[in-house]
Amino acid sequence: MPRFPRSFHLAALVLILPTLTGCTSWQTVDQPVPEVVEAYPGKRVRIELSNGVVFSADSASIRSDSLVAWHESGSMVPVVEIHPLVKIRTIEVRRSDRVNTIYAIAGVALLVTVVYVVATFPQIPFGGGEWARE
């Protein structure tokens with residue numbers, strides 16, 4: 001079995017580590033909006049209003065009977081939006097997605113296997129060499 005330099009092991013580790021943290025996806029929460037905001041303080045949430053508008057908020061809080069949401073606008077100053085709770089249709093949070101995580105790990109494992117096989121397989125003369133002359 002060939003020995004690989006430390007840099008190869010480090011590169012493989014750097015490629016695999018992001019998949020171990022788990023892939024995430026937006027998932028609807030079936031709790032009242034104030035409970036969701038309280039359960040995920042300072043976390044990014046995605047909100048759908050009753051008129052169909054969907055936006056992401058970097059942080060959200062409840063003030064009286066309204067949701068106050070802050071999000072980046074591309075400028076230096078964050079945008080603050082205030083929406084009455086009765087106008088919020090759904091609220092979603094980022095959660096780990098096991099299926100996507102399994103696909104990501106399997107994909108990286110397949111990639112590492114293919115690279116290993118190609119790196120250790122003996123040279124095959126494509127387009128020339130002894131086999132082409134027969």
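No lab work stands behind these numbers, since they all come straight from the coordinates. All values derive from a computational prediction rather than experimental measurement. All Cβ positions, glycine included, derive from the backbone under ideal geometry; neighbour counts span all protein chains shown.
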Self-check item: Estimated FRET transfer efficiency (residue 49, residue 95; beta-carbon r; R0 25 Å; 0.05)
Solution: 0.70
Quiz item: If each of residue 103 and residue 12 carries a label point 7 Å out from its Cα toward its Cβ, how far apart are those two points in nm?
Solution: 2.6 nm
Quiz prompt | Rg and Dmax of segment 39-95, Cα atoms only, in Å | solution = 10.9, 31
Quiz item: For segment 14-121, what is the Kirkwood hydrodynamic radius in Å, using each pair of distinct C-alpha atoms?
Solution: 16.3 Å
Quiz item: What's the exposure ranking of 96, 59, going from fewest to most Cβ atoms within 10 Å?
Solution: 96, 59
Quiz item: Tell me, 30, 97 in order of fewest to most beta-carbon neighbours within 10 Å?
Solution: 30, 97
